[in-house]
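Let me begin by presenting the structure, written as structure tokens, before commenting on it.
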Amino acid sequence: MDKVRVRYAPSPTGFLHIGNARTALFNYLFARHHGGDFIVRIEDTDTARNVEGGEESQLRYLKWLGLEWDESVDKDGGYGPYRQSERAHIYNPIVEHLLAEDKAYRCYMTAEELEAEREEQQARGEMPRYGGQHAHLTKEQEEAFIAEGREPSIRFRVPQGKTYTFNDMVKGEVSFESDGIGDWVIVKKDGIPTYNFAVAIDDHFMEISHVIRGDDHISNTPKQMMIYEALGYEIPTFGHMTLIVNEERKKLSKRDGSIIQFIEQYHDLGYLPEALFNFIGLLGWSPVGEEEIFSKEQFIEMFDEHRLSKSPAFFDKVKLAWINNQYMKDKDLDTVFDMTLPHMQKAGLISANPSDEELRWAKSLVELYQQQMSYAGEIVELSELFFKDELQLNDEATEVVNGEQVPELMRALKEKLNELETFDAAAIKAAIKAVQKETGIKGKNLFMPIRVVVSGQTHGPELPNTMELLGKEKVLERIEPYTV
């Protein structure tokens, strides 16, 4: 295996989520850094759990993230098919070979018998594993089971007293004792090969040089090594990335409601793919230095597998928002506007078929918030002050408008604004300056009450620009109650 060849092999039992995306991204970076191939293979043999659209989601959102592959179901590189369900012609002869060499055998135990055995072992405080009851059946016993109508599974005969050791790219040397692993199923009763058997066969025939995956797969490694060894295959280099954990330092779960899990959700919320790529690239891997904003090309150039972390990767929502904000600020206004408009229309803030004037106003609104926007969909929440008839003030804002100078300030502001023939930011700024000169109120005591009265907020974008977009009528309407 002179050339680096890695694979991301999702099961279409679900949609592309953060954990899988990280696995794909690190494999992609490793391949590109070393001038190798990145393969996407679909492991779809768990037919009962496959979901409609699962494969499409995986491929669509990998592309959206910018992970272009060298081989997959849509790009044959000579190692296909790239769906496990289409590779039976490869697996079946190998199963027969293992049976012929007595490295595998047919097991006729029923699901009920296996469950009873498992319950008895658990009751004794033992780790459940198959006890080998059908490991040495006679021909007559097999014929009797067949006569009963039993369908066999095929189990791999695990060597006893053997230690399986490999040098993990992340964890260093890892060992497993074979005595703790019962003879395991390589082909289910329905004739479909199991994951640990099929994945080893596929990795061999696709000439995979490195298997980089999540820590939850490490216990699968000795079983896969058994298949490699039994068939005389070269064993690839393994690397198991640490878990991703949430704020409570618990393993990130698809059922964790505190964190958005699926890449499609980030797409729909209006995150930028290059920002999400950047964020995921720092989940369990660290560059040299303090910088955290990198392009895909920079990631490829500097990716070093030796800098994969041995500690769990913390999913920091605040950091994700910050990274995406850095990218949003650097985007041209037209792009950001195109991203935000559907969200405003869905929320009913902008009409479905807006006029040119409404579009210009909406674009100015987006420009007002671009510097603080973390994702496109956030424009709805950020800009709500423009669409409310009544503003709800928090305690801090209420305290501001209850200041003793506020009525005087608002009366002067009302007068100056009423005099304006052109209600734009420059004129509004000049009016506020005139109010300052007339009343002697300045600094925070000047600007904070005006901001709270017109926007309901103590912080926000440029005040004159905000007032211009609100329009003269609405601004005066909001000022009026505070003039007395």
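Checking the conditions here, which among GLU56, GLU71 is under 29 Å from LYS296 (Cβ atoms) and in contact with a Gly (Cβ under 6 Å, 6 or more places away or on another chain)?
GLU71
Just one of LEU349, LEU341, LEU382, LEU393 is in contact (Cβ under 8 Å) with a residue 60 or more places away in the chain and within 28 Å of LYS317 (Cα to Cα); which is it?
Only one candidate qualifies: LEU393.
Hey, could you check segment 201-217 for residues that are within 27 Å of the chain's Cα centre (by Cα) and over 15 Å from VAL40 (Cα atoms) and say which is most open to solvent (accessible area, probe 1.4 Å)?
ASP216
Before we move on, is SER364 within 22 Å of LYS63 (Cα to Cα), open to solvent by 30 Å² or more (accessible area, probe 1.4 Å), modelled with pLDDT of 95 or more and hydroxyl-bearing (Ser, Thr, Tyr)?
No; evaluated as a whole, the condition is false for this residue.
Residues that are under 12 Å from LEU272 (Cα atoms): list the helices (runs of 4 or more DSSP H) wholly contained in segment 312-392 that include at least 3 such residues.
Ranges flagged: 317-330, 333-346.
Working carefully through the options GLY19, GLY35, GLY80, find the one that is in a loop (DSSP other than H, G, I, E, B) and either in contact (Cβ under 8 Å) with a residue 24 or more places away in the chain or in contact with a strand residue (DSSP E or B) (Cβ under 7 Å, 6 or more places away or on another chain) (or both).
The conditions single out GLY35.
Name, by its number, the condition in (1) closer than 25 Å to GLN298 by Cα; (2) open to solvent by 60 Å² or more (accessible area, probe 1.4 Å); (3) over 21 Å from the mean Cα position of the chain (by Cα) that does not hold for THR47.
Of the numbered conditions (1) closer than 25 Å to GLN298 by Cα; (2) open to solvent by 60 Å² or more (accessible area, probe 1.4 Å); (3) over 21 Å from the mean Cα position of the chain (by Cα), the odd one out for THR47 is (1).
Suppose we filter segment 234-259 for residues that are more than 16 Å from the chain's Cα centre (by Cα) and outside any loop (DSSP other than H, G, I, E, B); how many remain?
4
Quick check on this structure: which one of ASP76, ASP46, ASP37 is modelled with pLDDT under 95 and out of contact with any Pro (no Cβ under 8 Å at 6 or more places or on another chain)?
So the residue among ASP76, ASP46, ASP37 that is modelled with pLDDT under 95 and out of contact with any Pro (no Cβ under 8 Å at 6 or more places or on another chain) is ASP46.
Can you tell me which condition LYS437 does not meet? The list is (1) more than 30 Å from TYR266 (Cβ to Cβ); (2) touching a helix residue (DSSP H, G or I) at 6+ places or on another chain (Cβ under 8 Å); (3) open to solvent by 30 Å² or more (accessible area, probe 1.4 Å), and all the others hold.
If we test LYS437 against (1) more than 30 Å from TYR266 (Cβ to Cβ); (2) touching a helix residue (DSSP H, G or I) at 6+ places or on another chain (Cβ under 8 Å); (3) open to solvent by 30 Å² or more (accessible area, probe 1.4 Å), just (2) comes out false.
Which members of segment 284-314 meet the condition of being basic (Lys, Arg) and surrounded by 12 or more Cβ atoms within 10 Å (Cβ to Cβ)?
Across segment 284-314, the qualifying residues are LYS296, ARG307.
Do we find that LYS223 is surrounded by fewer than 17 Cβ atoms within 10 Å (Cβ to Cβ), basic (Lys, Arg) and not assigned by the TED database to the domain that holds VAL158 in this structure?
Against the criterion (surrounded by fewer than 17 Cβ atoms within 10 Å (Cβ to Cβ), basic (Lys, Arg) and not assigned by the TED database to the domain that holds VAL158), LYS223 does not qualify.
The values are calculated or read from the model by the stated rules, or taken from the named source; none is laboratory data. Fair warning: this is a prediction, and the values are worked out from it, not measured in the lab. A quick note on method: Cβ atoms are made from the backbone with ideal geometry, for glycine too, and the neighbour counts reach across all protein chains shown. Protein only, heavy atoms only, side chains kept; ligands, DNA and RNA dropped before computing areas. Shrake-Rupley method; radii C 1.70, N 1.55, O 1.52, S 1.80 Å.
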